[in-house]
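S.K.: Below is a structure I'd like to ask you about.
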Amino acid sequence: MVLPHEPEFQQAYDELVSAIQDSTLFEEQPKYKKVIPVVSVPERIIQFRVVWENDKGEAQVNNGYRVQFNSALGPYKGGLRFHPSVNLSILKFLGFEQIFKNALTGLSMGGGKGGSDFNPKDKSDAEIRRFCVSFMRALARYIGQDTDVPAGDIGVGGREVGYLFGAYKQMQNNWSGVLTGKGINWGGSLIRPEATGYGTVYYVEKMIEKATKGKETFKGKKVTISGSGNVAQYAALKVNELGGIVVSLSDSKGSIISKKGITNEQVEAIAKAKLQFKSLEQIIKDEARIFDDSIEYIAGVRPWTKVGQVDVALPCATQNEVSGEEAKALVDAGCKFIAEGSNMGSTKEAIEVFESNRSNDVWYAPGKAANCGGVAVSGLEMAQNSQRVTWSNEEVDSKLKDIMYTCFENCYDTAVKYSTDKNSQGLPSLLKGANIAGFIKVADAMFDQGEVF
Ligand code: NDP
């Protein structure tokens, strides 16, 4: 399949297909070949105009989208992204990833993704609110708690989910769990904001335990993280809690590097300032009391080549944020564990570097496995909404841990089962394990439901 106008979607498709082709699955069960051309076409794409009013009373227009990719396992589920780079190729790649990620959580959720090329960064709170109302005016008739349940992603956090939910409720005269990531006192789940970052770290805990046969943990490990938004913040806090040392964070303008380790107080100051869209450069200037000389700011770069020796790398900003050269630099600097908090964080070239170093104990986990904790807790939020109950912090966190640990074991066992290099001494490919395990679950449901025959 060649889609020159959809490079991101093509990349996500190629990753899945080549992972499966480079295994024994098609040889053992050729029927699965028939699923590929069907599963790679979205069930439905909704594209709409969003006209909203700016603070000067002028009409502004943006593109809105919802890709309802696959509903074999449950209602379409996946976030909304508000970012100027949003287009159909990006949303199709994200929706495609989401199908198999949601399957890996073990919960009943199909895959979807949506968003807009609206840039929230230079907008006032009132403009963001009016945009969300206009966006929902176009989307409301296509979603529902048993149809399609969106959530947040880049540029869509708790504030935006609140405005979108309020607009939906008013338009439809219906209070239901139609969005996840809601506020805690109006239907949200505890641990949802934390879930993606925490979940990624829980997944890596298992990678470390398995690779070192239980001899090592996060304790004392140097961890380089990119991004400084929702996923990066909570990944950093969990690494600190487990005794690791967070040596970097970044944003779209540059990176901060800390040899001593980025503290919880620093992460919390960043979280607060990011709500006002401040850059890291500005934040460390404004909060000089908290960010002392141990923090170095480097403009215009990602952290990977600037952090020196590290043990773990967690890309948590955006797609294609690790190049082949950067992957090589990480491996040369001793990095053994790479897990994506972001979706498709690594380029094809970077993945090749990581995968070809499995025999040197380098282990890579793709986003569809390592970051499935966010959507998993969204699934738990849907379950709580249906039952009209609220589970405690401990209850949700323990279910999240359980889902991430089970997801890891599933990826590991599937990689071993369908490996073409059964006699090799290297670590099994979690890239293949994740793609194959997610694919089989969705494919079996599609056969059962007569979508493929
Ligand atoms: P946020 O908007 O909270 O944060 C995004 C971070 O990435 C910010 O630090 C931002 O910098 C940076 N960033 C965004 N675009 C770019 C770019 N083009 N180049 C460099 N840096 C960039 O988003 P999330 O933390 O929610 O999402 C991060 C990643 O995790 C995304 O890939 C998302 O799809 C994925 N993900 C998120 C989930 C969730 O539950 N939120 C669930 C699963 C995956 P700046 O501050 O300068 O804008």
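S.K.: Take the conditions among the hydroxyl-bearing types (Ser, Thr, Tyr), within 16 Å of the ligand (Cβ to nearest atom) and in contact with a Lys or Arg (Cβ under 8 Å, 6 or more places away or on another chain) and apply them to Tyr234. Does it pass?
M.R.: Here the answer is no, as Tyr234 does not meet what is asked.
S.K.: So is Asn320 under 14 Å from Gly227 (Cβ atoms), of a type in the set (S, T, N, Q), modelled with pLDDT of 95 or more and touching a helix residue (DSSP H, G or I) at 6+ places or on another chain (Cβ under 7 Å) or not?
M.R.: In short, no.
S.K.: Which residues, counting only those in the range 198-231, are among the small types (Gly, Ala, Ser) and near the ligand (Cβ under 10 Å from one of its atoms)?
M.R.: Gly199, Ser226, Gly227, Ser228, Gly229
S.K.: Looking only at the range 167-177, count every residue that is part of a helix (DSSP H, G or I) and either β-branched (Val, Ile, Thr) or in contact (Cβ under 8 Å) with a residue 24 or more places away in the chain (or both) and tell me the total.
M.R.: 4
S.K.: Here is a further query. So, of the residues in the range 252-278 that are modelled with pLDDT of 95 or more and polar (S, T, N, Q), which turns out to be nearest to Ala126 (Cα to Cα)?
M.R.: Ser252
S.K.: Scan the helices (runs of 4 or more DSSP H) fully inside the range 1-65 and keep the ones with 2 or more residues being within 30 Å of Val133 (Cα to Cα).
M.R.: Qualifying helices (runs of 4 or more DSSP H): 7-21.
S.K.: Further question on the same structure: With Val231, Val246, Val239 as the choices, which residue is under 16 Å from Ile295 (Cβ atoms), within 20 Å of the chain's Cα centre (by Cα) and either of a type outside the set (Phe, Trp, Tyr) or surrounded by fewer than 24 Cβ atoms within 10 Å (Cβ to Cβ) (or both)?
M.R.: Of Val231, Val246, Val239, the one residue that is under 16 Å from Ile295 (Cβ atoms), within 20 Å of the chain's Cα centre (by Cα) and either of a type outside the set (Phe, Trp, Tyr) or surrounded by fewer than 24 Cβ atoms within 10 Å (Cβ to Cβ) (or both) is Val246.
S.K.: Does Lys182 count as modelled with pLDDT of 95 or more, out of contact with any Lys or Arg (no Cβ under 6 Å at 6 or more places or on another chain) and closer than 12 Å to Gly373 by Cβ?
M.R.: no
S.K.: Restricting to the range 89-130, and then to whatever is part of a helix (DSSP H, G or I) and among the β-branched types (Val, Ile, Thr), can you tell me which residue is surrounded by the fewest Cβ atoms within 10 Å (Cβ to Cβ)?
M.R.: Restricting to residues being part of a helix (DSSP H, G or I) and among the β-branched types (Val, Ile, Thr), the top hit is Ile128.
S.K.: Out of everything in the range 282-302 that is surrounded by 16 or more Cβ atoms within 10 Å (Cβ to Cβ) and within 11 Å of the ligand (Cβ to nearest atom), what residue ends up being farthest from Ala327 (Cα to Cα)?
M.R.: Ile283
S.K.: Looking only at residues that are surrounded by fewer than 23 Cβ atoms within 10 Å (Cβ to Cβ) and more than 15 Å from the ligand (Cβ to nearest atom) in the range 157-167, which one is nearest to Asn371 (Cα to Cα)?
M.R.: Filtering the range 157-167 for residues that are surrounded by fewer than 23 Cβ atoms within 10 Å (Cβ to Cβ) and more than 15 Å from the ligand (Cβ to nearest atom), the one nearest to Asn371 (Cα to Cα) comes out as Gly162.
S.K.: If I ask for residues that are within 13 Å of the ligand (Cβ to nearest atom) and of a type in the set (Asp, Glu), which ones from the range 241-277 would you list?
M.R.: If the condition is that a residue be within 13 Å of the ligand (Cβ to nearest atom) and of a type in the set (Asp, Glu), then Asp251 is the only one that fits.
S.K.: Ok, one more. Going by what's in this entry, would Lys417 be described as in contact with a helix residue (DSSP H, G or I) (Cβ under 6 Å, 6 or more places away or on another chain) and either surrounded by fewer than 24 Cβ atoms within 10 Å (Cβ to Cβ) or in contact (Cβ under 8 Å) with a residue 24 or more places away in the chain (or both)?
M.R.: no
S.K.: From the set of residues in the range 344-388 that are assigned to a loop (DSSP other than H, G, I, E, B) and within 16 Å of the ligand (Cβ to nearest atom), which is surrounded by the fewest Cβ atoms within 10 Å (Cβ to Cβ)?
M.R.: Ranking the candidates gives Thr347 first.
S.K.: Follow-up question, since we're still on this one. Among the strands (runs of 3 or more DSSP E) lying completely within the range 244-343, list those that include at least 1 residues that are in contact (Cβ under 8 Å) with a residue 12 or more places away in the chain and among the polar types (S, T, N, Q).
M.R.: 245-250, 254-258
S.K.: Are any of the residues in the range 198-211 charged (D, E, K, R), at negative phi and in a loop (DSSP other than H, G, I, E, B)?
M.R.: no
S.K.: Being of a type in the set (Ser, Thr, Tyr), part of a helix (DSSP H, G or I), away from the ligand (no atom under 12 Å from the Cβ) and surrounded by 20 or more Cβ atoms within 10 Å (Cβ to Cβ), is that true of even one residue in the range 178-197?
M.R.: For the range 178-197, residues of a type in the set (Ser, Thr, Tyr), part of a helix (DSSP H, G or I), away from the ligand (no atom under 12 Å from the Cβ) and surrounded by 20 or more Cβ atoms within 10 Å (Cβ to Cβ): absent.
S.K.: Please work out which one of (1) in contact with a His (Cβ under 7 Å, 6 or more places away or on another chain); (2) surrounded by fewer than 21 Cβ atoms within 10 Å (Cβ to Cβ); (3) of a type in the set (A, V, I, L, M, F, W, C) is the condition Ile154 fails and give its number.
M.R.: (2)
S.K.: Within the range 20-66, track down each residue that is crowded, with 19+ Cβ neighbours inside 10 Å, touching a strand residue (DSSP E or B) at 6+ places or on another chain (Cβ under 8 Å) and hydrophobic (A, V, I, L, M, F, W, C).
M.R.: If the condition is that a residue be crowded, with 19+ Cβ neighbours inside 10 Å, touching a strand residue (DSSP E or B) at 6+ places or on another chain (Cβ under 8 Å) and hydrophobic (A, V, I, L, M, F, W, C), then Val39, Val50, Trp52 are the ones that fit.
S.K.: Next up: Could you check, for the range 141-162, whether at least one of its residues is part of a helix (DSSP H, G or I), over 28 Å from Ser392 (Cβ atoms) and aromatic (Phe, Trp, Tyr)?
M.R.: There is at least one residue in the range 141-162 that is part of a helix (DSSP H, G or I), over 28 Å from Ser392 (Cβ atoms) and aromatic (Phe, Trp, Tyr).
The values are calculated or read from the model by the stated rules, or taken from the named source; none is laboratory data. If you're wondering where the values come from, they're calculated on a predicted model, not measured in any experiment. Ideal geometry is used to build each Cβ from the backbone, glycine not excepted, and the neighbour counts take in all protein chains shown.
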